[in-house]
Amino acid sequence: MKMMNNGYNSSFNSNSVGLMSSAATTAGSSSSSTSTTNTNSQSQGLKTYFKTPEGRYKLHYEKTHPPGFPPFSHGKSVSQVTLAQLKDKPAQAGPTPSLSSSTSASSGVRYAAAKFLGVGGGNGVRAIGFAGGNGSGKAINGTSRSGSLAGSNGSHSILNPNYDGKGTYLIFNVGDTIFIGDLNSPDKDPIKSLHFSNSNPICHAFDPEAKDGHDLLIGLNSGDVYSVSLRQQLQDVGKKLVGAQHYNKEGTVNNSRCVCIAWIPKSDSAFVVAHADGNLYVYEKSKDGSVDSTFPVIKDQTQFSVAHARSSKSNPIARWHICQGSINNVAFSTDGVYLATVGRDGYLRVFDYLKEQLICGGKSYYGALLCCTWSGDGKYILTGGEDDLVTVWSMEDRKVVAWGEGHNSWVSGVAFDSYWSSPASDDTEENVVYRFGSVGQDTQLLLWDLSMDEIVVPLRRCPPGGSPTFSAGSQSAHWDSITPLGTLQPAPCMRDVPKLSPVVAHRVHTEPLSGIIFTQESILTACREGHVKIWMRPSSETQSSNSEPLVSSSMLAGPKVGSSTLK
């Protein structure tokens, strides 16, 4: 297993813009944009396609920030991307009911059911990213931290008469700016930018089912959090947030940087924000964000604990102390029952969110864990991190059931492909094949197939000098008998865990990658510098040549998920 820590660090501190060439791209049509994309990629030694058993994936579009964007803004934060769709008609405005802090769940989210599995923190309305090394969030322009982090045009906003109120958009952060691009347009440059004067945006998440219009969350390096209407931002021609609700203003509750933000599935208005100090806060969007919350002092930094706000008017309503050190990523199961977190300490932790209880977890083989996601059926969790491995965790077995070996550096993004199905599948549970993808600091996209009838689960850790015992299928009763509820397990022996090899390994960017999204017609890959590539599936080539939209409304009716970051 090859570690590239030194190479990563030197690359991470570089201010080079990588794939962000200074030449502007003018795309008058889909064909001209594709031609320009192919030329740029070929000139950098990158292929514009890759082959899989089901056919050839072709590079269709590329998206990035404007070519004149100041290079000094790079390095402050690492780009992540959120995919969001606005429906034809605005959501009905109205009061949002408050949620109980003990449940924080009600109806309101629907997700696209795939043949075998959907995406929990992986697809559809998906935020991806790998962000960190952001320091203490010093103001770029030298102004006081007590000043406005994001201005508001308020009643003086100017509406854009050309905005038609619908579309599918890519939202990504570069430096101190949020950019919004049209996914289905051949244009490479974004159509909208939002500037933050005193801090960098780090993470963001979109809720397609928001009932009061505020569907976009943005977390900053300073710890501040905003909820806004994406539609309203697109209608306004300014570069400041309009109509924003502000939470944790100037770090009054927690002044460490936001590292991950996520909407809670099956909830009308609740969301969580994870911070670099190991704390996660639960917010209710409908409550005033200016009302301070006070929580008791954490007595033991090494132990999980939950504290609720003393006042019913407070927001946030609860604090979860997850770990000592930074949380790097969080992901909810699609039903909103379970919450998975990964952190700098190298542990995956799985919680029963409604019961506020630690269920299980385990240690990485080496180093920090950086990313995680759920399968749509809630049976498996993928993690990736500094051990260069893609780890498959079984919720039923509460164990690692497979390691994916193929990356040459840190794994920074993982996702299940809910739109793929195995040609050999016969729809029986025993023959389910899961397709998932991973991206890493080695600039590679890897695709994997996980067949359940081929997985062999180790029954117990091997004793010194002994041989491990294996059994096919579920062994949840066995694990329950030896692993108490809430136990964090050590890393398993290397020889105990079955190994997977990737179906495809393809170098897709010249810069380290930050995340991956699967859609019905394509795969999206993003690098840390704010460059996104859209790879069309083999079955979508004819459709894309006829200028059909890349994303349909049905494919984005997915779970509410959040974005990730790392230190």
### Query
Is it the case that region 403-418 has a residue that's among the acidic types (Asp, Glu), in contact (Cβ under 8 Å) with a residue 24 or more places away in the chain and open to solvent by less than 10 Å² (accessible area, probe 1.4 Å)?
yes
### Query
List pairs: first in region 357-376 and open to solvent by less than 10 Å² (accessible area, probe 1.4 Å), second of a type in the set (D, E, K, R) and in a strand (DSSP E or B), Cβ under 7 Å, 6+ apart or cross-chain?
361/349
### Query
Within region 229-246, which residues are closer than 20 Å to residue 273 by Cα and either without any contact (Cβ under 8 Å) to a residue 12 or more places away in the chain or open to solvent by less than 10 Å² (accessible area, probe 1.4 Å) (or both)?
230, 241
### Scan of region 324-337 for residues that are crowded, with 23+ Cβ neighbours inside 10 Å and either over 19 Å from the mean Cα position of the chain (by Cα) or not in a loop (DSSP other than H, G, I, E, B) (or both), ordered by number
327, 328, 329, 330, 331, 332
### Query
Of everything in region 200-233 that's of a type in the set (Asp, Glu) and within 19 Å of residue 316 (Cβ to Cβ), which residue is nearest to the chain's Cα centre (by Cα)?
207
### Query
Does residue 268 satisfy the condition of being farther than 23 Å from residue 528 by Cα, open to solvent by 10 Å² or more (accessible area, probe 1.4 Å), in contact with a Lys or Arg (Cβ under 7 Å, 6 or more places away or on another chain) and outside any strand (DSSP E or B)?
yes
### Task
Give region 338-356 a look and list any residue that's in contact (Cβ under 8 Å) with a residue 60 or more places away in the chain and surrounded by fewer than 18 Cβ atoms within 10 Å (Cβ to Cβ), or say none.
354
### Message
Can you pull out every residue in region 247-258 that is touching a residue at least 60 places away in the same chain (Cβ under 8 Å) and of a type in the set (Ser, Thr, Tyr)?
### Response
247
### Task
Inspect region 274-283 for any residue being in a loop (DSSP other than H, G, I, E, B) and touching a residue at least 60 places away in the same chain (Cβ under 8 Å) and give the result as yes or no.
yes
### Query
Can you find even one residue in region 241-260 that is at pLDDT 95 or above and over 27 Å from residue 179 (Cα atoms)?
no
### Query
Which of the residues belonging to region 493-531 are surrounded by fewer than 19 Cβ atoms within 10 Å (Cβ to Cβ) and under 20 Å from residue 78 (Cα atoms)?
507, 510
### Query
So which of 469, 443 is open to solvent by 10 Å² or more (accessible area, probe 1.4 Å) and at pLDDT 60 or above?
443
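Conditions tested, residue by residue: (1) in a strand (DSSP E or B); (2) surrounded by fewer than 23 Cβ atoms within 10 Å (Cβ to Cβ).
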site	(1), (2)
227	yes, no
253	no, no
272	yes, no
286	no, yes
302	no, yes
313	no, yes
316	no, no
### Query
Do the conditions hold for residue 193, that is, is it within 27 Å of residue 528 (Cα to Cα), assigned to a strand (DSSP E or B) and modelled with pLDDT of 85 or more?
yes
#### Entry: Search result, residues across region 377-420 that are assigned to a strand (DSSP E or B), touching a His at 6+ places or on another chain (Cβ under 9 Å) and not hydrophobic (A, V, I, L, M, F, W, C)
384
#### Entry: Selection status of residue 261, touching a His at 6+ places or on another chain (Cβ under 9 Å) and in contact (Cβ under 8 Å) with a residue 24 or more places away in the chain
yes
### Query
Across region 53-71, which residue is least open to solvent (accessible area, probe 1.4 Å) among those that are over 19 Å from residue 188 (Cβ atoms) and in contact with a Lys or Arg (Cβ under 9 Å, 6 or more places away or on another chain)?
57
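The values are calculated or read from the model by the stated rules, or taken from the named source; none is laboratory data. All figures in this text were calculated on a predicted structure; none of them were measured in a lab. Heads up, the Cβs are rebuilt from the backbone with ideal geometry, glycines too, and the neighbour counts pull from every protein chain shown. For accessibility, only protein heavy atoms count, side chains too; no ligands or nucleic acids. Shrake-Rupley method; radii C 1.70, N 1.55, O 1.52, S 1.80 Å.
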